[in-house]
1. Please go through region 387-411 and give me each residue that is surrounded by fewer than 21 Cβ atoms within 10 Å (Cβ to Cβ) and closer than 13 Å to G449 by Cβ, ordered by number.
2. Looking at region 571-585, which of the residues that are assigned to a loop (DSSP other than H, G, I, E, B) and at pLDDT below 95 is nearest to P302 (Cα to Cα)?
3. Consider region 229-262. How many of its residues are touching a helix residue (DSSP H, G or I) at 6+ places or on another chain (Cβ under 6 Å) and either in a loop (DSSP other than H, G, I, E, B) or surrounded by fewer than 22 Cβ atoms within 10 Å (Cβ to Cβ) (or both)?
4. Does region 501-517 contain at least one residue that is surrounded by fewer than 22 Cβ atoms within 10 Å (Cβ to Cβ), within 18 Å of the chain's Cα centre (by Cα), hydrophobic (A, V, I, L, M, F, W, C) and farther than 30 Å from T290 by Cβ?
5. Which of (1) at pLDDT 90 or above; (2) over 21 Å from the mean Cα position of the chain (by Cα); (3) outside any loop (DSSP other than H, G, I, E, B) is the odd one out, the single condition N305 does not satisfy?
6. From the list V343, V311, which one is more than 25 Å from the chain's Cα centre (by Cα), among the β-branched types (V, I, T) and modelled with pLDDT of 95 or more?
7. Go over the candidates G28, G19, G51 one by one and state the one that is under 27 Å from D367 (Cα atoms) and either at pLDDT 95 or above or surrounded by fewer than 20 Cβ atoms within 10 Å (Cβ to Cβ) (or both).
8. Can you pull out every residue in region 414-449 that is surrounded by 16 or more Cβ atoms within 10 Å (Cβ to Cβ), in contact with a Pro (Cβ under 9 Å, 6 or more places away or on another chain) and farther than 30 Å from V61 by Cβ?
Amino acid sequence: MRALHWSVLVAVLGMVVAGCGGGGSGGGTSGTKATANVLAGLKPQPGKRGGSVTLLSSTDVDYLDPGHTYYTVGYTILYATQRPLYSVKPGDANPTPDLAAGPPQISPDEKTITVKLRSGVKFSPPVNREVTSKDVKYAFERAFTSNVANEYTTYFADIVGAPAKPGKFKTISGIQTPDDHTLVIHLSRPSGVGVAAALDMPITVPVPEEYARKFDQKNPSTYNTHVVFTGPYMVKNDAQGNLIGYHPNTSIQLVRNPNWDPKTDYKPAYLDSILMKTNASDLDIAARQTLQGSHFITEDPPPANVLKTAVTRYKGQYVTIPSGGFRWLPLNTTIKPFNNVNVRKAVIAAFDRNAVRQARGGPFVGDIATHFIPPGIEGFDQAGGFKGPADDYLRNPNGDMALATQYMKKAGYPSGKYTGKQTFTMVTENVNPGKSQAQVAQAQFAKLGFKVQVRTVSQATMYTGFCQVPSKKLLSCGDAAWFKDFNDPQSMLEPTFEGSAIQQSGGNNNLAMLNDPKIDAAMTRAATLRGNARLTAWGDIDKMIDADAPAVPLVWDKTTVLESKDVQGAGDAYTDTFNLAWTSLK
C-alpha cells in the first residue's frame, strides 16, 4: 500500500477575484500562479473566543441529515457540526484529515482504499460513545437506500456490492471494518483516485446504526430531525435527541457539542453559539442589516445595488470567494423542439450572457463562462481555458442574432424563429438576483420567438420540488448553479451531464436530461485515469458536452458575502460561503 499525495488527488484552486471593470468576455488567471493570491486572501486570522453571531439566510437547509444534504446552506451547517473523513480548511486547496487520522492509502492496482480513523471522536448526546469505522460503513450503506436517497452516490458506484439504484437497506460487501479504526473500500475497477478524492463529502460522516436505524426504517428517513453530531457544534437537542433548536423555514440554533474534544480536531470553533435565521428572504434588508448592524453575517450574495455599495463604502466588511463552480441555463433536451441540437445552438448563440452577469451584479460575481469546467479546477485549460472551445455559437457573450437565425433555419424554421404555439415553463427562485436573471433569460428566448413563462418559488423548493423532478417537464431552471463536490473535473461534469445519472423519481442533477452514450462511455473511461491523461480526457468530455449544446454556460461563479464590522468571518472556497467553525468576533 502507498499513501496517495493530496497534490495528486486534488486540483489547485486558482481563481482570481475580479475587479470592478470588465468587458463582455470575462477574464482572469487560471492555474497555480493565482492560487497564492486567492487562498492567501481567505486564510483565516486568529480569532477571539466566545460570543455569538447571527447568520442571515433567505432559505432553509435542504436537510440536516449528513447522508442527504447536498446544497450550500446544508453544507454550511454540516461542516461546523460534523466530522467527515476529510475536510478543507479555509484558505487551503487540499483536504485535511478530519475524522481520518491521515491520507487515504491506495493499493497499486487502485482498487483498494484504506483509511485509518483517529481515536477519541465521540457522538453528541444522547449517543455519547466513541465513533468507530462501523459507523462510517453504515453511513455509506444507508445513503444507498431509497429512504435516504443520497444524490452523490454516483461517485461511489464502483464500490463492490454497492446497489445499482436506491432500494432497501443492503450490507455493502466492498466496505470492510477489520477493526474499530480501520475502513477498507474495495472497488470493482481501478477508480481509486476519483473515489478517494470524494472522501471529503458528507456521505463519510459517521452515523450510529443502533440509534439511527429506527428513523431510517421510515420512508423518508426521519433521522433528519434526530441527528447526532461529531463536530464542535450541534443543533440544540433534548435528552431524547429531538432537535429542538431546528424550526423549519425559521431558524437553526447551534450550540457547543459537549462531547467534542478540541485535541482531536484542527478546527478552532471560536464562537459559543450561532443562530441561523432561515427566513431572511429580503436580501436587501439582510445585507443592509449586516453592513450597518452588529454580530451578523450573510449566507446569500447581496443584490446588485447593495453589492456595489458594499465594495465601495464598507471596506473590510465583505469577502469574495472563488466558488469552483458554474451558473448555467439548462435546456431540457427531451422537450420538443429543444430535442433538436440546432435549436439549442440557436438559443446559445442568441443569448446575451453579459446581461445575465449584469443582472447578478456585474464582474464581481465572476467571469463569463464559455464551457463548464471552471477556472481553478484542473482540466480547465484542456477544455479550452477562458477562450473556450471553437464552437461559433459560444463565441459572442453579448449574443449573435444573425448566427442564431442560421441555426434556427437549420432546425427547420425558415423564418429563423420558432413558429409553434407552445408556452414553455422556467422555474426560478422568488428573490433577486435569481429572479432578475430569469427575466433576462426569458427575454433571450423571446428574441427567437419562444414564449416562456417564469414561475417563481422559494429557493428551498426550486430544486427539490421542481428543477430536479423530470416529470415537471420544465424547459429550464432559471437560476441553476453547480459547485464542485471535490476538486476534480469529474465532480463538475459527471452529476450534471451523465445520462446514467438521470433520476426520474426526483433528486436529478442532470437538469438538461442529456443522455449521450458517447459521453457516458468517455466518462466511464476517464474516471479510471490519472495525471495528465485524466485531465485531457475530462477536458475532451467538456468539449463533447459543448457540442451537444444542452445548456447555456453563464458565469464561472464568485460569491460575495457580508459581515458586520465587529465580525471576523472566514471565507471558505469549498462551501462557497463563511466557514462557521473558523468565524469569530473581532
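1. Result: M401, T405, K409, A411.
2. Step one: list which residues in region 571-585 are assigned to a loop (DSSP other than H, G, I, E, B), which gives 573-576, 579-583.
Subset that is at pLDDT below 95: 573-576.
Details: A573: 18, Y574: 20, T575: 17, D576: 14 Å.
My answer is D576.
3. Filtering region 229-262 for residues touching a helix residue (DSSP H, G or I) at 6+ places or on another chain (Cβ under 6 Å) gives 229, 231, 233-234, 243.
Now drop any that are not either in a loop (DSSP other than H, G, I, E, B) or surrounded by fewer than 22 Cβ atoms within 10 Å (Cβ to Cβ) (or both), which leaves 229, 231, 243.
Looking only at that region, the number is 3.
4. Yes, the conditions are met somewhere in region 501-517.
5. Of (1) at pLDDT 90 or above; (2) over 21 Å from the mean Cα position of the chain (by Cα); (3) outside any loop (DSSP other than H, G, I, E, B), only one is false for N305: (1).
6. Criteria check complete, one pass: V343.
7. On the way: G28 fails: either at pLDDT 95 or above or surrounded by fewer than 20 Cβ atoms within 10 Å (Cβ to Cβ) (or both); G51 fails: under 27 Å from D367 (Cα atoms).
Criteria check complete, one pass: G19.
8. Once the filter is applied, which keeps residues that are surrounded by 16 or more Cβ atoms within 10 Å (Cβ to Cβ), in contact with a Pro (Cβ under 9 Å, 6 or more places away or on another chain) and farther than 30 Å from V61 by Cβ, region 414-449 yields only Y418.
The values are calculated or read from the model by the stated rules, or taken from the named source; none is laboratory data. Predicted model, so just to flag it, every value in this text is computed and none were measured. Glycine gets a Cβ as well: all are built from the backbone with ideal geometry, and neighbour counts include every protein chain shown.
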